[in-house]
Amino acid sequence: NLEGGIGFVVSLKKLKHLDLSENKLRGQIPHGLGGISTLYDLRLSQNHFSGALPFSMIQLTSLQTLLLDNNAFGGSLPSVVGGLKNIVSLRLHENDFIGTLPSFAGAQFLMEAHLDENDFSGGIPHFGSKSLRDLFLGKNSLTGTIPDSFDEKRELEVLSLRANRLIGSIPKSLAKATALKKLDLSFNKLSGEIFEDLSNLIQLREFRLNDNHFEGTFPNFLGSFQQLEVVNVNNNLLTGDLALPLAVGDLEYLKEFAFQNNELKGVVPEFICDLLLDVLTADCWGTSSPIDCPCCTQCY
């Protein structure tokens, strides 16, 4: 329950680790913090800090962990944050940052970047780390296309770009991010087809493409994802017959399957009903509905 500011820390010239998370601290990060060259771990999450980040942070060349999430920091994110060459863990989510994101091309050791739930605009920047595991950019105002730069992101497990203003198609190189477990591209303006090479993502557990403009046929490769728990492809422009392969009936971890508000037709097979899903939604309302689904939890 600590309150007040943190101006006192600037006198601690040999400080290496500072964790003041989950308090009632407020005010700005003091400019003098950048003079603590030994600091490698800074955690100020879940407080009431505000204001912009000081440019003096570029001097924190040893910084590996920067956790500032769940505060009220604002202003644009200085390029110095992308220039922290030894940064491994970066959590700035749930703040009030605005403006474009800096390039993270030089952050070669970055493993997790949580930049979601701010108001960043502009395009998705370059992330140079081959060790990147978690990338959260959701609930911002990002525009443009998704960069086709996943060829070397072999460690990536989470890609969340939900609730932005992204356009264009899913980049082909995404199929090479074979460690991916969670893919969330929902609530954007993405288009094109859900192409079959995505079947290479055999570790996938969450497949959220809902509320976009995807077209073409229903992805018939879902049976490749043996760890799959959630499929949301509802509110798109998918057409044709709902031809679910038998392999989908073997997805023992599947809990949620939503595909309503498309232009699909057909019958939900009995082997899907046997899965006893928590959520199964389709366009099955009324006697002349395009989808026959005797076991749906909700019809539209």
Task: Number of the condition not met by residue 70 [criteria: (1) closer than 26 Å to residue 3 by Cα; (2) open to solvent by 40 Å² or more (accessible area, probe 1.4 Å); (3) touching a Pro at 6+ places or on another chain (Cβ under 7 Å)] - done: (3)
Open item on the list: Between 238, 228, 254, which is open to solvent by less than 20 Å² (accessible area, probe 1.4 Å) and either touching a Gly at 6+ places or on another chain (Cβ under 7 Å) or of a type in the set (Phe, Trp, Tyr) (or both)?
Closed with: 238
Open item on the list: Which of the numbered conditions does residue 13 fail, given that it passes all the others? Conditions: (1) outside any loop (DSSP other than H, G, I, E, B); (2) open to solvent by 60 Å² or more (accessible area, probe 1.4 Å).
Closed with: (1)
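Restricting to the stretch 190-213, and then to whatever is in a loop (DSSP other than H, G, I, E, B) and in contact with a helix residue (DSSP H, G or I) (Cβ under 8 Å, 6 or more places away or on another chain), can you tell me which residue is least open to solvent (accessible area, probe 1.4 Å)?
The first filter runs over the stretch 190-213 and keeps only residues in a loop (DSSP other than H, G, I, E, B), leaving 194-195, 201-205, 209-212.
From what's left, in contact with a helix residue (DSSP H, G or I) (Cβ under 8 Å, 6 or more places away or on another chain): 195, 201-202.
Numbers: 195: 21, 201: 1, 202: 91 Å².
Checking each candidate, the answer is 201.
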Open item on the list: If I go through the stretch 145-184 residue by residue, how many of them are at pLDDT below 95 and farther than 21 Å from residue 131 by Cα?
Closed with: 0
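From the list 187, 271, which one is open to solvent by 10 Å² or more (accessible area, probe 1.4 Å), assigned to a loop (DSSP other than H, G, I, E, B), among the aromatic types (Phe, Trp, Tyr) and modelled with pLDDT of 95 or more?
Working: 271 fails: assigned to a loop (DSSP other than H, G, I, E, B).
Of 187, 271, the one residue that is open to solvent by 10 Å² or more (accessible area, probe 1.4 Å), assigned to a loop (DSSP other than H, G, I, E, B), among the aromatic types (Phe, Trp, Tyr) and modelled with pLDDT of 95 or more is 187.
If you go through the stretch 252-261, how many residues are outside any strand (DSSP E or B), free of Cβ contacts under 8 Å to residues at least 40 places away in the same chain and not acidic (Asp, Glu)?
First pass over the stretch 252-261, keeping only residues outside any strand (DSSP E or B): 252-255, 259-261.
Of the ones still in play, those that are also free of Cβ contacts under 8 Å to residues at least 40 places away in the same chain are 252, 254-255, 261.
Filter again for not acidic (Asp, Glu), leaving 254-255, 261.
Of the residues in the stretch 252-261, 3 are outside any strand (DSSP E or B), free of Cβ contacts under 8 Å to residues at least 40 places away in the same chain and not acidic (Asp, Glu).
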- [ ] Write out, first by first residue and then by second, each pair whose Cβ atoms fall under 8 Å of each other, whose residues are 6+ apart or on separate chains, and whose first residue, in the stretch 40-54, is crowded, with 19+ Cβ neighbours inside 10 Å and assigned to a loop (DSSP other than H, G, I, E, B) while the second is modelled with pLDDT of 95 or more and among the acidic types (Asp, Glu).
- [x] 45/22; 45/69; 47/22
Open item on the list: Quick check on residue 261: is it over 16 Å from residue 195 (Cβ atoms) and open to solvent by 20 Å² or more (accessible area, probe 1.4 Å)?
Closed with: yes
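So that you can scan it fast, the table gives a plain yes or no per residue for (1) touching a Phe, Trp or Tyr at 6+ places or on another chain (Cβ under 9 Å); (2) open to solvent by 10 Å² or more (accessible area, probe 1.4 Å); (3) touching a residue at least 24 places away in the same chain (Cβ under 8 Å); (4) over 18 Å from residue 133 (Cα atoms):
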residue: 81; (1), (2), (3), (4): yes, no, yes, yes
residue: 87; (1), (2), (3), (4): yes, no, yes, no
residue: 92; (1), (2), (3), (4): yes, no, yes, no
residue: 97; (1), (2), (3), (4): yes, no, yes, yes
residue: 102; (1), (2), (3), (4): no, yes, yes, yes
residue: 114; (1), (2), (3), (4): yes, yes, yes, no
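The values are calculated or read from the model by the stated rules, or taken from the named source; none is laboratory data. Source: prediction; values computed, not measured. All Cβ positions, even for glycine, are placed from backbone atoms using ideal geometry, and neighbour counts span all protein chains on display. When the accessible area is computed, the model is the full protein with side chains, heavy atoms only, and any ligands, DNA or RNA have been set aside. Shrake-Rupley method; radii C 1.70, N 1.55, O 1.52, S 1.80 Å.
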